[in-house]
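Asks: Can you keep this structure in mind? I'll have questions shortly.
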Amino acid sequence: MSQPQRITHFIDGRPWTGPAGRTGPVHNPATGELTARVDLASAALVDAAVTSAETAWREWRAQSLAKRVRVLFAFRELLNARKREIAALITAEHGKVLSDALGEVTRGLEVAEFACGIPQLLKGDYAENASTRVDVHSVRQSLGVVAVISPFNFPAMVPMWFVPIALACGNAVVLKPSEKDPSAALALAALWKEAGLPDGLLQVVNGDKEAVDALLHHGLVKAVSFVGSTPIARYVYEQATARGKRVQALGGAKNHMLVLPDADPDLVADAAINAGFGSAGERCMAISVLVAVEPVADEVVGRIVERMRRLRTGDGTRDCDMGPLVTREHRDKVASYLDAGVKAGATLLVDGREGAVDADGDGFFLAPTLFDHVGTEMPVYTDEIFGPVLCVVRVPSYDDGLALINANPYGNGAAIYTNDGGAARRFQDEVEVGMVGINVPIPVPVSYFSFGGWKNSLFGDTHAHGTEGVHFFTRGKVVTSRWADPSHGGIDLGFPQNG
């Protein structure tokens with residue numbers, strides 16, 4: 001077995017050369033091998049990174065939009081040329097299959113392309129003669145240093161939701177990727193450097209809670225973008241807003257697919273497989289609950305089971321359908337829900353612990369799992385499992401299914417499968433979630449719309465990327481101007497009036 005490599009921070013345009021200090025393990029989830037030790041930043045190192053970023057921002061904010069866009073276009077070309085290299089890093093540390101990893105990078109690339117249009121997105125408004133010889137115009141200006149705290153499940157795409165737009169808007173960014181799979185974020189930082197981004201504008205600090213708290217408490221950090229579990233999202237929101245920071249904290253989910261009796265059962269089964277087990281269910285937009293309106297359940301469940309038997313689980317480099325979970329601890333936690341589901345009375349139709357895997361070593365595998373006859377009081381329903389576990393809940397009507405979905409404390413996304421246009425239109429209006437799919441199982445918006453949920457799936461009122469992302473990373477300013485004119489001289493203590 002080879003010696004684990006060292007993974008360190010990316011500060012001021014280069015890998016950090018200081019002592020390692022505390023470190024954390026990085027594994028290949030398909031083999032269980034310890035492949036690297038990642039440096040964990042101290043509060044002092046985070047402070048140094050933020051302070052340097054603030055200095056770099058003062059020059060960057062004054063750069064023309066044309067110069068910023070040149071960097072963005074150069075980065076876009078570099079990432080497009082090397083996206084397979086980034087995908088391979090994701091598979092090696094997260095475990096998702098290569099095709100899924102490549103799709104992740106491509107979706108992140110779309111946000112970079114959106115950010116290339118920043119001159120149009122930052123245009124303000126102008127009103128001539130709002131009052132006599134008084135003009136009013138609005139501008140949007142950068143915030144300063146912003147922090148991005150990203151999760152393990154999308155180590156390239158989630159940073160890309162925020163970093164290109166934040167930089168395009170004139171900010172400096174301190175990125176704290178997941179310590180479980182940090183290499184993709186570091187590779188992206190190197191590409192930004194190669195694209196011509198000035199040193200210090202994108203700092204990458206690896207770390208755990210100490211690094212996160214240092215960012216949340218730092219006086220120079222003006223805004224925080226976070227994606228992760230709901231308890232941590234709530235913590236980030238409370239800690240950062242208490243210190244006057246702007247926050248968008250995207251939390252957990254329990255996404256439902258409502259299936260009406262008129263839906264095509266084959267399309268439903270395909271969608272349930274794809275949305276439930278892609279990336280081993282480690283997606284905040286994964287479908288984890290299929291809500292079947294009777295009498296459709298038996299037929300749909302039968303077709304799902306048939307497809308599950310054909311899935312190949314194994315090493316993501318071996319053309320398998322699904323890879324491992326990210327760590328042994330997470331795999332064991334997900335597996336514990338299988339016993340909990342059976343104990344609560346659900347029917348375990350397909351047990352992922354019994355599935356064969358195509359891999360070497362001792363990887364962190366759990367094959368696709370299916371529960372039927374799940375009740376809303378069971379832990380397999382109430383908890384965000386974040387693994388390849390699909391639950392089927394049976395309801396007698398559309399109204400019962402809608403009520404069940406709306407009663408859930410999460411509100412990230414939901415889908416409906418039906419051939420009834422009226423039912424679909426009613427669902428998109430009545431369902432209480434931030435993103436809706438109509439015969440689309442994972443309704444993740446394209447980059448020029450915004451991503452985000454409702455209820456306990458979002459803390460803060462601003463979604464990611466799109467125009468909401470541009471507004472999050474800028475502040476509005478309105479300028480009222482009147483140039484000297486003798487006719488406006490004299491003393492007048494009255495309240496100004498528009499005339």
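Every residue, every condition in (1) surrounded by 24 or more Cβ atoms within 10 Å (Cβ to Cβ); (2) outside any loop (DSSP other than H, G, I, E, B), yes or no:
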residue	(1), (2)
Trp161	yes, yes
Ala184	yes, yes
Ala190	no, yes
Asp199	no, no
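Asks: In the range 347-358, what residues are buried (at least 23 other Cβ atoms within 10 Å of the Cβ) and touching a residue at least 40 places away in the same chain (Cβ under 8 Å)?
Replies: If we filter the range 347-358 for residues that are buried (at least 23 other Cβ atoms within 10 Å of the Cβ), which is where we start, we get 352.
Matches in the range 347-358: none.
Asks: Pairs needed: first member in the range 219-233, in contact (Cβ under 8 Å) with a residue 60 or more places away in the chain; second member anywhere, part of a strand (DSSP E or B) and charged (D, E, K, R); C-beta distance under 8 Å; at least 6 residues apart or different chains.
Replies: Lys222/Arg246; Ala223/Arg246; Val224/Arg246
Asks: What do you reckon, is Gly108 in contact (Cβ under 8 Å) with a residue 12 or more places away in the chain and not in a helix (DSSP H, G or I)?
Replies: no
Asks: If you go through the range 69-105 one residue at a time, how many are in contact with a Leu (Cβ under 9 Å, 6 or more places away or on another chain) and assigned to a loop (DSSP other than H, G, I, E, B)?
Replies: 1
Asks: For the range 134-149, check the following and say yes or no: at least one residue is touching a residue at least 40 places away in the same chain (Cβ under 8 Å), within 30 Å of Pro388 (Cβ to Cβ), touching a helix residue (DSSP H, G or I) at 6+ places or on another chain (Cβ under 9 Å) and open to solvent by less than 30 Å² (accessible area, probe 1.4 Å).
Replies: Filtering the range 134-149 down to residues touching a residue at least 40 places away in the same chain (Cβ under 8 Å) leaves 134-149.
Okay, now just the ones that are also within 30 Å of Pro388 (Cβ to Cβ), so 148-149.
Next cut, touching a helix residue (DSSP H, G or I) at 6+ places or on another chain (Cβ under 9 Å) only: 148-149.
With open to solvent by less than 30 Å² (accessible area, probe 1.4 Å) added as a condition, the list becomes 148-149.
Within the range 134-149, one or more residues are touching a residue at least 40 places away in the same chain (Cβ under 8 Å), within 30 Å of Pro388 (Cβ to Cβ), touching a helix residue (DSSP H, G or I) at 6+ places or on another chain (Cβ under 9 Å) and open to solvent by less than 30 Å² (accessible area, probe 1.4 Å).
Asks: Something else: Which condition number does Glu468 fail, the rest of (1) touching a residue at least 24 places away in the same chain (Cβ under 8 Å); (2) within 30 Å of Gly228 (Cβ to Cβ); (3) not hydrophobic (A, V, I, L, M, F, W, C) being met?
Replies: Single failed check for Glu468: (1).
Asks: Specify the residue that is farthest from the chain's Cα centre (by Cα); the eligible residues are those in the range 201-211 that are surrounded by fewer than 24 Cβ atoms within 10 Å (Cβ to Cβ) and in contact (Cβ under 8 Å) with a residue 12 or more places away in the chain.
Replies: So in the range 201-211, the residues surrounded by fewer than 24 Cβ atoms within 10 Å (Cβ to Cβ) come out as 208-210.
Next, from what is left, pick out any that are in contact (Cβ under 8 Å) with a residue 12 or more places away in the chain: 208, 210.
On the way: Asp208: 18, Glu210: 22 Å.
Among those that are surrounded by fewer than 24 Cβ atoms within 10 Å (Cβ to Cβ) and in contact (Cβ under 8 Å) with a residue 12 or more places away in the chain, it is Glu210.
Asks: With Ala41, Ala66 as the choices, which residue is among the small types (Gly, Ala, Ser), outside any strand (DSSP E or B) and open to solvent by 30 Å² or more (accessible area, probe 1.4 Å)?
Replies: Ala66
Every residue, every condition in (1) without any contact (Cβ under 8 Å) to a residue 12 or more places away in the chain; (2) within 30 Å of Glu179 (Cα to Cα); (3) surrounded by fewer than 16 Cβ atoms within 10 Å (Cβ to Cβ); (4) under 20 Å from the mean Cα position of the chain (by Cα), yes or no:
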position	(1), (2), (3), (4)
His94	no, yes, no, yes
Val97	no, yes, no, yes
Glu104	no, yes, no, yes
Gly117	yes, no, yes, no
Thr132	no, no, yes, no
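Asks: Right, next: Could you say whether any residue in the range 170-178 is touching a Gly at 6+ places or on another chain (Cβ under 7 Å), within 20 Å of Phe472 (Cα to Cα) and in a loop (DSSP other than H, G, I, E, B)?
Replies: Yes, some residue in the range 170-178 is touching a Gly at 6+ places or on another chain (Cβ under 7 Å), within 20 Å of Phe472 (Cα to Cα) and in a loop (DSSP other than H, G, I, E, B).
Asks: Kindly evaluate Asp319 against the criterion of being over 23 Å from Ile438 (Cα atoms) and charged (D, E, K, R).
Replies: yes
Asks: Turning to a different aspect of this structure: Considering only the range 354-368, I want to know if a residue exists there that is modelled with pLDDT under 95 and not in a loop (DSSP other than H, G, I, E, B).
Replies: Yes.
Asks: Let me ask another. For the range 303-319, how many residues meet the condition of being open to solvent by less than 40 Å² (accessible area, probe 1.4 Å) and either of a type in the set (Gly, Ala, Ser) or farther than 16 Å from Gly276 by Cα (or both)?
Replies: Looking only at that region, the number is 3.
Asks: Taking strands (runs of 3 or more DSSP E) that fall entirely within the range 412-499, which contain at least 3 residues that are open to solvent by less than 60 Å² (accessible area, probe 1.4 Å) and of a type outside the set (Val, Ile, Thr)? Quick ask: steps written out before the conclusion?
Replies: Working: elements: 413-417, 435-438, 474-481.
Here the list reads 413-417.
Asks: Criterion first (in contact (Cβ under 8 Å) with a residue 40 or more places away in the chain and either of a type outside the set (A, V, I, L, M) or open to solvent by less than 10 Å² (accessible area, probe 1.4 Å) (or both)) does Phe386 satisfy it?
Replies: Yes, satisfied.
Asks: Determine the pairs where a residue that is under 22 Å from Glu113 (Cα atoms), located within the range 46-74, has a partner that is among the polar types (S, T, N, Q) and open to solvent by less than 80 Å² (accessible area, probe 1.4 Å) with Cβ atoms under 6 Å apart, the partner being 6 or more residues away or on another chain.
Replies: Between residues of the range 46-74 that are under 22 Å from Glu113 (Cα atoms) and residues that are among the polar types (S, T, N, Q) and open to solvent by less than 80 Å² (accessible area, probe 1.4 Å), the close pairs are Arg61/Ser142.
The values are calculated or read from the model by the stated rules, or taken from the named source; none is laboratory data. Since the structure is predicted, the reported quantities are computational estimates derived from the model, not experimental observations. Don't worry about glycine lacking a Cβ; one is built from the backbone with ideal geometry, like all the others, and counts go over all protein chains shown. Each accessible area value is taken on the protein alone, full model and side chains, heavy atoms only, with ligands, DNA and RNA left out. Shrake-Rupley method; radii C 1.70, N 1.55, O 1.52, S 1.80 Å.
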